[in-house]
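Chemist: Shown below is the structure under consideration.
The values are calculated or read from the model by the stated rules, or taken from the named source; none is laboratory data. It should be emphasised that the depicted structure is a prediction, and the values quoted were computed from it without experimental measurement. Cβ placement follows ideal geometry from the backbone for every residue including glycine, while neighbour counts extend to all protein chains displayed. Please note that ligands, DNA and RNA were not included when accessible areas were found on the heavy atoms of the full protein model with its side chains. Shrake-Rupley method; radii C 1.70, N 1.55, O 1.52, S 1.80 Å.
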Amino acid sequence: MLPTLNLTGDVILAEHLSHRFGKIGLGDVVLVRSPRDPNRMVTKRILGLEGDRLTFSADPLVGDNSVSVVIPKGHVWIQGDNLYASTDSRHFGPIPYSLIEGKALLRVWPPEYFGSLR
Amino acid sequence: MRMRVMSFLKQWRGAAKEAFENVSIVAKFLCLLHVTDRYIISSTHVQGPSMLPTLNLTGDVILAEHLSHRFGKIGLGDVVLVRSPRDPNRMVTKRILGLEGDRLTFSADPLVGDNSVSVVIPKGHVWIQGDNLYASTDSRHFGPIPYSLIEGKALLRVWPPEYFGSLR
């Protein structure tokens, strides 16, 4: 999630109310349960909601081949801000909305980066 | 005047203390009930044709436990409560017919023909299917689902009473 979140680790405050009321929107940084490993939580950004058509580059290091998908009902598209070092929906496809567990509010540590995530 | 206010307050102090104790007992009970219902064992009303003949069309009440899936103890053949991947507000009841790494071959449309489709279940996913193949929307339609969507495992049926007991 570089450059939004630091490589060496941040402490963020996340709230667990928005996803229960359906108030997760485009551009939100969310905590989701990984679809590949049920015991792991990952932090990514929502870049697509159900019904959206997304076009992305399958492998940004290799070439310009684009892939176009439509996000099915009940699913969202998550992607890390660091396209070159993120395993996300470009690899495992759109994830069910129910896997979202929280929305990041603000960063509290380290203190020089205190504040909202931009 | 001050003496009367003081004695009035002293009178109500005993009643207030008792009321507070009773309220806290009720609050503790509700907390225990919530934790048990959410994280240990709960009853659910399930209905629909997708699990015939195991579950009735008109609706059953089953007891489901919410511990197994946290310890990874969900296995092949278990009837589980999962959150629908198509609608985050809906829970569905299906049977686990495949675990991660399994290769499954199924008939894409049992009413139409014999065309088989073969899939390998990816890591962290399971394959759910209703017992009633002709009236069930399941992994044959929306693919394998992430294991984390499983919320409980059915233990036994408690209603209607003539069908009381484990699900077979």
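Chemist: Rounded to the nearest 100 Å², what's the accessible area chains B and A bury against each other, both chains counted, probe 1.4 Å?
Modeler: 1000 Å²
Chemist: I would also like to ask the following. Which ³J(HN,Hα) values in Hz, rounded to whole numbers, follow from the phi angles of the range B:3-13 under the Karplus curve 6.51 cos²θ - 1.76 cosθ + 1.60, where θ = phi - 60° and Gly and Pro get x?
Modeler: 4, 6, 4, 5, 6, 4, 5, 4, 5, 7, 5
Chemist: Where the only charges are on Cβ atoms (+1 Lys, Arg; -1 Asp, Glu), what is the dipole of the protein assembly as shown about its Cα centre, to the nearest 20 debye?
Modeler: It works out to roughly 1240 debye.
Chemist: A follow-up question, please. Can you tell me, using C-alpha contacts under 8 Å and at least 6 residues apart, the relative contact order of chain A as a whole percent?
Modeler: 34 percent
Chemist: For chain B, what does the helix formula give at 222 nm: sum of -39500 (n - 2.57) over DSSP H segments with n ≥ 4, over the residue count, nearest 500 deg cm²/dmol?
Modeler: Helix-only estimate at 222 nm: -7500 deg cm²/dmol.
Chemist: Where nothing but the Cβ of Lys and Arg (+1) and of Asp and Glu (-1) is charged, how large is the charge dipole of the range A:11-110 around its Cα centre, in debye to the nearest 20?
Modeler: Dipole magnitude for the range A:11-110 comes out near 280 debye.
Chemist: For the protein assembly as shown, what mean projected area does the convex hull of the alpha carbons give, in nm²?
Modeler: Here the figure is 24.4 nm², rounded to one decimal.
Chemist: If you don't mind, another one. Beyond 21 Å, what share of the Cα-Cα pairs of chain A is found? Please give it as a whole percent.
Modeler: Result for the distance tail: 38 percent.
Chemist: While we're here: A:Phe21 versus B:Val158, label points 7 Å from Cα toward the beta carbon: distance in nm?
Modeler: The two pseudo-label positions are separated by 3.3 nm.
Chemist: With Cβ to Cβ distances under 14 Å as the rule, what net charge do the other residues near A:Pro38 carry (K, R +1; D, E -1)?
Modeler: That sum, taken over residues with Cβ under 14 Å, equals +3.
Chemist: Counting only the heavy atoms of the protein chains, how much of A:Phe56 is accessible to a 1.4 Å probe, in Å² to the nearest 10?
Modeler: Roll a 1.4 Å probe over it and A:Phe56 shows about 30 Å².
Chemist: Right, next: With +1 assigned to the C-beta of every Lys and Arg and -1 to the C-beta of every Asp and Glu, and no other charges, what is the dipole magnitude of the range B:42-166 about the Cα centre in debye, to the nearest 20?
Modeler: 340 debye
Chemist: Under the rule of at least 5 residues apart or a separate chain, name every residue whose amide H is placed under 5 Å from the amide H of B:Leu167.
Modeler: The list, which skips near neighbours in sequence, is B:Arg157.
Chemist: Give the Rg/Rh ratio for chain B, taking Rg as the radius of gyration of the Cα atoms and Rh as the Kirkwood radius, to two decimals.
Modeler: Rounded to two decimals, Rg/Rh equals 1.29.
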